[in-house]
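For reference, the structure is listed below as structure tokens.
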Amino acid sequence: MTYDLTRFDLGDMLKCSLRLREAASGLPSLEASAQRVCKFLYDELEGPGVQRACALVRCYKTHAFGSLAPDLQRFALGVLGTSPSRADMKCLTLMATVGSTGSWNSRYLSRGHRAIPLPSPEIVEKAPMIAQLIKDLGLDISQVIDPSPDIVKELAGKRHGVFHVEHALGSPYIPAQEEFVVRHGVKSVLGFGGMLATGDLFAVILFATVQVPASTAERFRSLALDVKSAFSRFTDATVFSRTSLTPDSEARAQ
């Protein structure tokens, strides 16, 4: 069963919701669950005249710098250009990726997005896509980079939203226009997610080669709850898989 991303109605949302929950369950790590979510959406979303509506599907989660594996810490330091002032500095960490080119099918092969430091609201504002994503998910940037216990208690399970750029070409929120948007025919970008009970932000982002209307984008607000439900059962010890996952290997990780 597939779903037309340009005409994603209520019936599609309900059917997709059930199957998405099933796809994301029964896995040993949040990384494996995220990879399954991305693979499901990449395979099951279609469009007029195209078998797959997305060139790329990715999942991110914020993670404290001090808790990242050494390779991700080195990557984040390379992006930041200096040592972080706090070990608990949040990094927007790539958890899963599935796409139409080989390098888009392993988080280890990402050249610029494996772990993006979020040191301050001022610096995050200089990354327009990340800043707008956070705001559209119903959160303040300060709440994401420094979630106090009171904020976590207030917002976890309540704030879910949708980031939607109907026209990716020329949008200030979508970087790498020539080498990404134009080259890969990206027409719309759709993200959905929210805050977990740990205080971490999660987001699934679809880079679509079909035009995604606002009516479709709003349907994905409900799917954010399905993904949150799948991710909520994991602890800090079961966020990352012990081995690198690809769309083929993750199916064997159960």
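The values are calculated or read from the model by the stated rules, or taken from the named source; none is laboratory data. For clarity, every value in this text was computed on a predicted model and none was experimentally measured. To get the accessible areas, we keep the full protein, side chains included, count just its heavy atoms, and leave off ligands, DNA and RNA. Shrake-Rupley method; radii C 1.70, N 1.55, O 1.52, S 1.80 Å.
Filtering the range 87-105 to residues that are at pLDDT below 95 and either outside any loop (DSSP other than H, G, I, E, B) or of a type in the set (Gly, Ala, Ser) (or both) leaves Ala87, Gly102, Ser103. Set side by side, the residues Ser67, Ser33, Ser25 differ, and just one is open to solvent by 20 Å² or more (accessible area, probe 1.4 Å), under 18 Å from Gly193 (Cα atoms) and among the polar types (S, T, N, Q), which is Ser25.
Considering Lys39, Lys61, the condition of being within 17 Å of Leu196 (Cα to Cα) and either assigned to a helix (DSSP H, G or I) or at pLDDT 95 or above (or both) is satisfied by Lys61 alone.
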